[in-house]
Structure formats: structure tokens, C-alpha cells
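Right, one structure below, let's go through it.
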Amino acid sequence: MSGSNIKSRYMTQKAAIALLATAVLLVVVPIILIIIYMIANGYSSLSWDFLTQAPAQAGKTGGILPAIIGTIYLMLGTIIFALPVGVTAGIYLSEYARNNWVTRLVNMAILNLAGVPSIVFGLFGLGVFVMTFNLGMSLIAASLTLASQALAMTITTSREAITAVPKEYREGSLAIGVSRWQTIRYVVLPQASPGILTGAILAMSRAAGETAPIIVVGAAFLVGGLPGSPFDRFMALPYHLYTVSAHIPGMPADIKWGVALVLIAMVLFFNILVTMVRFESRKR
Amino acid sequence: MNIADLVNEKNTGLPPKNAPVDGKLRLEQVNLYYGSFRAVKDLSLDIDTCSITAIIGPSGCGKSSMLRLFNRMNDLIASARVEGLVEFDGVDIYQAGVDVVELRKRVGMVFQKPNPFPMSIYDNVAFGPRRHGIRNKRALDEIVEKSLVQAALWDEVKDKLDQSGLSISGGQQQRLCIARVLAVEPEVILMDEPCSALDPIATLKIEDLMRTLTSTYTIVIVTHNMQQAARVSDMTAFLMVDDDRSGTLVEYGATSEIFTNPKNQKTEDYITGRFG
């Protein structure tokens, strides 16, 4: 009786572990397959020239340098606008806002902001930044548009990271006559910065991959040269990938995969950076 | 001298440092509410300059709430409300115009769980002075050394000031927290069960430290440990929960009196270990 009971429990345990392992495989295997498939198909297009030259013949030859640079500018532009606003809002929401219906409404709005389709942000950017603010179809309008979209993430991660700082630290500081703002500035923010940074870099890598909104506010398929000012139009990897895949007849397959590979590599690079930042901060 | 004369020119709403007033801290008919719940009621007592006052009583009787009246730490709780008079050097610290930050500089606090900041030992002690505007490296060095000496920690950490404040033992961490408070040169030190997370030897070190500090500082300590109250304090306040769940002051007097000749039957029951 008790023997079979133990045996059945043992079987249940084995089954549960098998189920969990299968779930992990289901997640990991497709990712690995995608990456292998991209490398296998795109590897042959990669070369120094591909990374350092401008496209020629509608992208069939030449390189993708302007798109790489454009995407880097976009990522930087996004974070320059989204991080300060995100951190400030995060500080306000976690440290100062009272828990009343206004705050709950704001938190709800931020949650919903994260769910708004990116093309809607594109239209918002076109209406507000391109037309109303008269920034034109430009790098800066696109950065602001992507920053609006990234806000939901930077605010949420900042707020969570700040809230997670133990109250003992705050009390220790306040109890020796340090003001509330100084406490936030010198005790809370240093503690919260790894979390804030993680959110910021994730927001950046998401901005790197956005296609729909930037088409509406200034990305172009072919631009002569690199953007010289924030008010220039620009190229970007995801839009370049979209065009060479869908709109240019006779495009060699390895070029499409090569563009995708470069984009993924950039995003991956930033994600590895996040992991390293986290690791470094945990060592302290 | 009236209160207006005592308020210093910086307009902090507080009296000048070490003003010549009888009684450093005073409570008069104080009630503290959290929302509609009255945590402590009708507290009245006087605390002398350069004395150690112990607040004892069973769990949940409002000892910590009472302690936090003196540096307005209850302000951090949105629903908290104070009625009655809480005086520091004869000035009502809950009246409009009192600079709470300045008050806490002069009425410092040490907590139950040692809470050094996750930074070096040096930076922990220098934290308060730096925030209060001292930038000079030599001046900071002096303050750090003096505070660590006062907190009886200097000899143990003088060779590793740049190590994390979290890397030392619990007892050392608590003395580091005391040094951090001493570095801003307060007049009063509030201690909220400072030894409850420490072993007996570390506890004795903190108690010795309190006895030395009492020559310059007024100390108020909340403790669960009655032997500790008997060992270190000059005065003892015994709190208990009343029928309506609010903490009340049952007896307040010289520690020697409270522990040898309590006037109230409840005090006697508590200190002889019949409950609590």
C-alpha cells in the first residue's frame, strides 16, 4: 500500500520534470533553429564591405552601413528622450504619488500604453512631432515617436526598481536629517540603477526592431549618405529588411538574411550588455 | 525667555542647539492615531538631558510608535496623526514651520535591524555630513574617525574603511549605524530595539557604548529585553495595551524604582515575568 503510494508519487515527480523540460525545449529549440537558419542563409552575404558601404542597385549590391548607423541613432535618440522622462515619472509614482484614484488611473494608462499597437504610435508621431511640432519626416521625429512608445517600459521598470529598494535604507537616511530628495538621489537611485538600466536597454533593443512607426515618420529605403543632422531622413535596418524582402524583385536571398542577421546581432549585443550590467551590480 | 527667542535665526522652527531648558524631550497628553486606530493614548512624560530612558512593554503596545514621535518618523505613514504636545527643548515639534529634516539631524535614530547602506564603511559614516554640505576631505576624515571611535568601532575597521558596510558582522554593522548617526552630531539618539538582532556579546558592546555616549547624548531606547533596560537605563517607561487596544503609559520612573519597587501591580507582574 504505502510502497505503491511512494512509487506513484515518484512517477508523478518524474512526469512533472519531463513536462517542464519539454516546455523549456519548446521555447529554446525554435530560437536556436531561427538563429541557425539565419546564419546558414545569410552568412555568405556578410563581409567587411557589406557592413561599411552604402547600398547600390536598390540594395542588391553594396552594403547596409547607412541602415546600421540609422538604427544606432534611433536607439540612442529613443533612450535620450525616454530614459529621463521614464525615471522622473518612476520616481514620482513610487515615491511621491499618493495611492488615490488619480495615481491608479495613471498606472492603468501606462499599462495600456504598453499595449497600443506600434503603428498607432507612428500615426501619433506623424500628427504631433512631424506636423504639429513641424519637425518634418526626420530622425528626431522618429526618435521621439519611438521614445513615446518606449515610455511605458521605462516608466514601469523604473517604478518597480525604485519600489524594490528596501525601506530600511530610506529610513536610515531620513533618520539622520537627510532630505527626501537627497535620500532618493543618493540612496534609492544608486540601488535602483541596475533595474532602471535594464529596462532602458530592453526599450532600446525594442526600438531597434520597430518597423511600422518609423515608416510613417521618416525612415526611407534609400538615402544618399548618412544623416548629417537630426532633421534629416534616415535609413534603418528593420525597414531596409522589409523593403528588400518584400518590394525588390530579384533580391538575392543571402542579402535579406544578412540584413536580418546584423539586426539580430545588434539586439543580442544589447541584451548581453544588460546581463553583464546585472551581473556586475550583483557583485557589489 | 519665551519660545520665539529660542527659535534660531535659520528659521527651522527649532530652538538653538543645546538650549538651556529643563527636560530634553516632553510628551503631554499625546495620542497617536493610524487612521481611526489609536496606537498610543494620553502619553505624558519628561525626559532629562544626557540620560538613558528605556521604553519597555509587551509586543504591540506602541513602544516603537512612541519612540517615533520624537523625530516625527511617523510622518512617513500617510494615515498617522498626532494629538497633544511633543516638545524638544521646549518647542512643539508638530507645530507648523518646524523643519523636520533639521529636527531629525538633531534627533537621530538607530533601527532594530542594522541597516548600513550598500557602500563603503567610510561612505556610510560620511553620508550624513556630506549631504549636509561638508565637502572637505580632511574634515570628513576627521568626522569619520571621531564617529567610529565614539561608536567603539574604529579599532576593528580602521584598516578596511573602503570595504562594504555590509561585509562586517551584525554587531559591527549596528555600531556602524550608530557611528553614522553620531557623525551628524545629534543631541538625542533614539534606538528602536537596537540589539534584538544581535548576539549577547555584541549586545553588551552596544550597552557599554550607550553608557559612554550618555555623557553627551540623550538616549531613548525601546527594548524587549528587561535585563537590558535594568542594566543601561536611568529611567524606565512601562507601556501596556489598554482595553481599547491603545498603548498607555502604566508607570514611569527611575529604573531602580521600577525594577525593585514598582508602584503598579501590572508593572510588577510584567517585570517578574508573569506575562509578556
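The values are calculated or read from the model by the stated rules, or taken from the named source; none is laboratory data. Treat the numbers as computed from the prediction; the structure is a model and nothing was measured. No Cβ is skipped: glycine too gets one built from the backbone with ideal geometry, and neighbour counts run over all protein chains shown. Accessible surface areas use protein heavy atoms only, side chains included; no ligands, DNA or RNA. Shrake-Rupley method; radii C 1.70, N 1.55, O 1.52, S 1.80 Å.
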Long-range share for the stretch A:31-90, i.e. C-alpha pairs more than 14 Å apart as a percent of all pairs, stands at 70 percent
Note: probe point = Cα of A:L105 + 7 Å toward Cβ; backbone nitrogen < 17 Å; residues of the stretch A:145-185 passing the test are none
Packing-ranked peptide list from A:101-113, B:197-209, highest mean Cβ count within 10 angstrom first, is B:197-209, A:101-113
Taking the reciprocal of mean 1/r across every pair of different Cα atoms in the stretch B:3-271, the Kirkwood radius in Å is 19.1 Å
Hits in the stretch A:36-66: amide N under 11 Å from the 7 Å Cα→Cβ extension of A:A253, namely A:41-42
Ranked by GNM mean-square fluctuation in chain B (Cα springs under 10 Å), the top entry among B:G128, B:G170, B:G97 is B:G97
Projected convex hull area of the stretch B:103-168, Cα atoms, direction-averaged, in nm², equals 4.9 nm²
Simple spin-label estimate for B:A96/A:A15, 7 Å along Cα→Cβ, in nm, reads 7.2 nm
Placing each pseudo-label 7 Å from Cα in the direction of the beta carbon, B:S215 and A:K60 end up separated by a distance in nanometres of 9.4 nm
Stretched fully, the stretch from A:V29 through A:W181 gains (0.36 nm per residue minus C-alpha distance, one decimal, in nm) 49.9 nm
Scoring the stretch B:3-271 by relative contact order with C-alpha pairs under 8 Å, at least six apart, yields a percentage of 26 percent
Taking only the alpha-carbon atoms of the stretch A:168-243, the convex hull volume per residue, in cubic angstrom, is 135 Å³
Partner shielding of A:178-184, as the mean number of partner chain Cβ atoms within 10 Å, equals 4
Residue span B:I201 to B:D243: 0.36 nm per residue of separation minus Cα-Cα distance leaves a gain in nm of 11.3 nm
Descending accessible area (1.4 Å probe), largest on the left, turns A:I31, A:I214 into A:I31, A:I214
Applying the span-like rule to chain B (DSSP H, Cα extent along axis at least 20 Å, Kyte-Doolittle mean at least -0.5) gives none
What helix-only [θ] at 222 nm does chain B give? Using -39500 (n - 2.57) per DSSP H run of at least 4, over all residues, to the nearest 500, the answer is -9000 deg cm²/dmol
Dividing the mean separation of Cα pairs under 8 Å (6+ apart) by the residue count of chain A yields a relative contact order in percent of 27 percent
Counting sequence-distant residues (5 or more places) and residues on other chains, those with an amide H built under 5 Å from that of B:I55 are B:I221, B:V222, B:T223, B:A237
Ranked by GNM mean-square fluctuation in chain A (Cα springs under 10 Å), the top entry among A:A40, A:A67, A:A18 is A:A18
With the 8 Å Cα cutoff and a minimum separation of six or more residues, the stretch A:125-246 has a relative contact order in percent of 36 percent
Between the alpha carbon centres of the stretch B:147-185 and the stretch B:20-83 the gap in Å comes to 28 Å
GNM of chain A, Cα pairs under 10 angstrom: of A:P249, A:P117, A:P227, the biggest fluctuation goes to A:P249
Interchain or sequence-distant (5+) residues whose placed amide H lies within less than 5 Å of the amide H of B:M109 are B:L190
Reduced to Cα centres, the span from the stretch A:119-137 to the stretch A:186-254 in Å works out to 16 Å
Eigenvalues of the alpha-carbon gyration tensor of the stretch B:187-236, times 5 and square-rooted, give semi-axes in Å, largest first, of 16, 12, 10
Using alpha carbon centers only, the stretch A:40-117 is separated from the stretch B:229-262 by a whole-angstrom value of 62 Å
With a Förster distance of 35 angstrom and the Cβ-Cβ distance between B:E145 and B:H224, calculated FRET efficiency to the nearest 0.05 equals 0.55
Diffing the stretch B:242-256: the Karplus 3J(HN,Hα) column from phi (6.51, -1.76, 1.60, θ = phi - 60°), in whole Hz with x for Gly and Pro, holds 7, 4, 8, 6, 8, x, 10, 7, 7, 8, 9, x, 4, 3, 4
The correct ranking of A:H247, B:H224 by accessible area at 1.4 Å, largest first, is A:H247, B:H224
Charge tally for neighbours of B:C61 with beta carbon under 12 Å away, counting Lys, Arg as +1 and Asp, Glu as -1, is +3
Per-residue ellipticity at 222 nm attributable to helices in chain A (runs of n ≥ 4 DSSP H, -39500 (n - 2.57) apiece, nearest 500 deg cm²/dmol) works out to -23500 deg cm²/dmol
Taking R0 as 22 Å and r as the Cβ-Cβ distance between B:C50 and B:S169, the FRET efficiency 1/(1 + (r/R0)^6), rounded to the nearest 0.05, comes to 0.15
Quick P(r) readout (chain A; Cα-Cα; 5 Å bins; whole %) gives 1, 5, 10, 12, 13, 13, 12, 10, 8, 6, 5, 3, 2, 1, 0, 0, 0
Under Stokes-Einstein, the protein assembly as shown at 10 °C and 1.306 mPa s, with its Kirkwood radius over C-alpha pairs, diffuses with a coefficient in µm²/s of 56 µm²/s
per DSSP, antiparallel bridges as share of beta bridges in the protein assembly as shown, % nearest 5, sits at 60 percent
Expressed to two decimals, the stretch A:3-45 has a Cα Rg over Rh, using the Kirkwood radius, of 1.44
